[in-house]
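Here the structure is laid out as structure tokens; the discussion comes afterwards.
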Protein chains: 2
Amino acid sequence: MADTAPTLEDLLALHEGGKLATVSTTDLQSLEDLRRIYTPGVARVCLHLQEHPERYLDYTMAGHTVGIVTNGTAVLGLGDIGARAGMPVMEGKAVLLKTWGGVDAFPILIESRDPDVVVETVERMYHGFGAIMLEDIAAPECFAIENRLKESLPVPVFHDDQHGTAVVTLATLLHGLAREGRRAETMRVVISGAGAAGVAIAKMLRANDFGELTLCDSKGAVYPGRPAGMNPAKEEIAALTNPEGARTGSLADCLAGADIFVGVSRQGLVTQAMVRSMNDRPFVLAMANPEGEIPVEEALAAGAALAADGKMVNNALGFPGIFRGALQARATAITPEMQTAAARAIAEIAPEDDILPSFLDPAVHDAVAHAVAQAWQNHPLPKRP
Amino acid sequence: MADTAPTLEDLLALHEGGKLATVSTTDLQSLEDLRRIYTPGVARVCLHLQEHPERYLDYTMAGHTVGIVTNGTAVLGLGDIGARAGMPVMEGKAVLLKTWGGVDAFPILIESRDPDVVVETVERMYHGFGAIMLEDIAAPECFAIENRLKESLPVPVFHDDQHGTAVVTLATLLHGLAREGRRAETMRVVISGAGAAGVAIAKMLRANDFGELTLCDSKGAVYPGRPAGMNPAKEEIAALTNPEGARTGSLADCLAGADIFVGVSRQGLVTQAMVRSMNDRPFVLAMANPEGEIPVEEALAAGAALAADGKMVNNALGFPGIFRGALQARATAITPEMQTAAARAIAEIAPEDDILPSFLDPAVHDAVAHAVAQAWQNHPLPKRP
């Protein structure tokens with residue numbers, strides 16, 4: 001794809017003043033307007049909401065607005081650069097949510113590495129939002145933060161780096177399997193990277209009946225009771241993916257004979273020899289940022305039936321429609337069923353001759369939103385007390 | 001003013017979906033756009049901000065965005081209805097800030113009556129904003145909340161119910177004095193209402209050399225050491241306004257012989273007889289919401305040279321330009337000098353034959369913004385360490 005790399009000066013000029021603004025959706029041109037949208041008229045709307053708190057999302061912006069929460073501990077592939085330095089990413093996410101999902105979004109920056117602080121702060125100020133997207137929070141803290149907020153908040157909480165990535169990964173694999181006429185159950189999968197994305201992908205593939213799964217980190221296969229480099233999230237995933245600890249070797253050991261490689265780890269970890277050691281016509285999703293575990297062309301040259309990098313398998317296909325669907329359905333969570341529905345919708349709309357549909361096609365985001373809302377309506381969670 | 005009162009149904013229909021949205025200020029129509037505003041291009045902007053944190057306000061929306069913080073404990077005249085029920089007011093404020101001030105704003109709702117929780121939450125998540133407007137927080141907690149945040153945050157913190165009201169009150173009085181050819185120093189002033197607005201007005205008039213000031217609450221004159229109904233804010237103000245406790249009687253006692261009445265208390269507290277007991281050609285600002293301490297026509301009929309209510313003396317003349325000026329100047333506070341400059345700018349632009357200029361006139365907000373920015377440049381506070 002021809003793409004003249006912009007200079008830093010170009011990028012800074014483009015980012016001058018940021019990328020997001022707020023805008024009034026009501027008229028304010030006369031004293032009469034003022035008296036309706038502000039005092040005294042607005043007081044009657046406030047009293048109505050006091051009497052009918054269940055109408056809150058109907059008469060405020062919260063019903064269509066996502067809070068994008070970060071503490072900046074894992075911004076893109078840049079690491080712990082802090083929430084403020086990560087703000088351009090949050091604004092970018094908000095632009096994507098608005099442009100492709102048609103929902104409003106606003107960044108919330110919490111400059112703290114302490115998961116307790118992040119959780120408590122969001123619990124105190126989530127009320128302006130109909131949903132919370134967690135973004136660029138490092139593993140393993142991101143798992144506890146998400147779980148605790150899911151438990152305590154009555155609105156959807158979704159860590160895009162985990163589940164958004166998992167949705168688009170599953171979509172890519174489902175579409176690839178359909179094209180190849182193969183079944184998920186027969187696939188042995190190796191995932192490289194035990195951070196936010198790797199763990200979520202493993203859970204999602206497990207829930208969707210893929211065959212044997214192995215998760216590898218920098219120390220090789222993750223297995224129950226491994227002596228070093230474990231944490232609660234890895235222990236949980238080891239029990240799900242590699243229960244007897246049958247696989248204990250390096251990434252290269254695990255890849256031999258596997259059908260699918262999913263990389264969310266580091267540039268250059270996979271060689272052509274490792275791809276050749278896989279089963280026939282393997283799938284190679286080398287999605288490390290900014291450069292994949294192996295270049296797509298090299299994977300294809302080594303026999304991959306399907307190869308893609310992180311630019312192709314992009315979360316932006318998922319989260320705009322996922323949030324729109326959840327907000328439209330007034331869902332109180334984004335359930336695994338909704339995530340699977342999103343992945344299937346993306347896979348179904350993908351062109352026969354391509355890996356995924358283009359996120360520039362509004363039909364994708366419409367299809368995702370529709371599928372997600374439908375999945376909530378089919379399997380809603382019980383109301384909170 | 002002819003004004004057909006809208007029905008509740010009209011108002012609810014107008015508020016459907018709220019009154020505020022977010023909008024992208026950048027193009028997102030191609031893959032190339034995506035790679036500039038999102039990965040990989042955005043990463044270079046993030047790294048630039050990590051190296052140059054002093055450029056944060058230049059390359060993010062924070063530089064032109066106000067956080068409107070409320071806990072909903074004193075929404076309009078409705079009392080403690082909670083932050084969510086107050087959301088339509090916060091959205092309304094954001095609409096005014098955008099439409100008249102040209103600055104972006106977003107509501108932050110903190111459902112807690114505990115000042116420590118409000119302060120700590122704002123301290124943790126103010127980074128997305130270039131300024132904080134506190135709104136509809138009850139006295140006396142609002143004073144401590146504002147003071148603590150002013151101390152701890154490097155961006156302006158401004159409680160509009162206090163200082164916005166004080167600015168527009170001062171503007172009204174300065175314009176009235178100019179019209180009448182009288183001097184502030186010779187004016188004896190009685191303020192009714194020792195909440196957020198009353199205390200701020202007292203301080204502002206004291207700083208602007210008005211004559212003897214007395215603040216009254218429901219127990220009459222506030223004086224040092226008064227046995228009942230005091231709090232730290234009232235003790236402070238008693239020492240400033242009525243230092244020897246010379247005035248200890250009721251509101252009616254205090255008004256006899258006074259030149260100016262400023263009401264930010266309750267409907268119907270002032271009678272025509274009380275206005276007649278004041279000095280010649282008194283000023284009567286009866287600004288209680290939704291109905292004043294005395295109707296304007298009655299005050300005029302009882303001899304007032306100037307009479308106005310809260311609809312006429314409206315904060316909306318002040319805060320949009322104040323925040324624009326402060327953000328444009330990259331001020332780290334909204335100082336008393338900036339507030340006085342705003343009041344003078346409003347008074348100077350007011351028509352000879354009216355109490356105040358119209359807030360529908362963009363020239364007012366431009367003049368306020370310019371005066372506020374200039375006042376900061378003339379008297380900036382020292383940089384924080």
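Looking only at residues in segment A:150-176 that are in contact with a helix residue (DSSP H, G or I) (Cβ under 6 Å, 6 or more places away or on another chain), part of a helix (DSSP H, G or I) and among the hydrophobic types (A, V, I, L, M, F, W, C), which one is most open to solvent (accessible area, probe 1.4 Å)? Out of the qualifying residues, it is A:LEU174.
On the basis of being aromatic (Phe, Trp, Tyr) and in contact with a His (Cβ under 6 Å, 6 or more places away or on another chain), does A:TYR59 make the cut? Yes.
Within segment A:346-366, the presence of a residue that is open to solvent by 70 Å² or more (accessible area, probe 1.4 Å) and at positive phi is excluded. Among the residues making up segment A:128-142, those that are buried (at least 22 other Cβ atoms within 10 Å of the Cβ) and either modelled with pLDDT of 95 or more or not in a loop (DSSP other than H, G, I, E, B) (or both) are A:GLY128, A:PHE129, A:GLY130, A:ALA131, A:ILE132, A:MET133, A:LEU134, A:GLU135, A:ASP136, A:ILE137, A:CYS142.
Please give the strands (runs of 3 or more DSSP E) falling wholly within segment B:6-121 in which 1 or more residues are within 7 Å of chain A (Cβ to nearest Cβ), at pLDDT below 95 and open to solvent by 10 Å² or more (accessible area, probe 1.4 Å).
On the way: elements: B:20-24, B:65-70, B:104-109.
Because the criterion is at least 1 residues that are within 7 Å of chain A (Cβ to nearest Cβ), at pLDDT below 95 and open to solvent by 10 Å² or more (accessible area, probe 1.4 Å), no strands (runs of 3 or more DSSP E) in segment B:6-121 meet it.
Conditions tested, residue by residue: (1) of a type in the set (D, E, K, R); (2) closer than 30 Å to A:GLU54 by Cβ.
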{"position": "A:ASN314", "(1), (2)": "no, no"}
{"position": "A:PRO320", "(1), (2)": "no, yes"}
{"position": "A:LEU327", "(1), (2)": "no, yes"}
{"position": "A:THR335", "(1), (2)": "no, yes"}
{"position": "A:ASP354", "(1), (2)": "yes, no"}
{"position": "A:LEU381", "(1), (2)": "no, yes"}
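The values are calculated or read from the model by the stated rules, or taken from the named source; none is laboratory data. Since we're looking at a predicted model, the values are computed, not measured. Neighbour counts run over all protein chains shown; Cβ positions are idealised from the backbone, glycine included. These area figures cover heavy atoms from the full protein model, side chains too; ligands, DNA and RNA do not enter into them. Shrake-Rupley method; radii C 1.70, N 1.55, O 1.52, S 1.80 Å.
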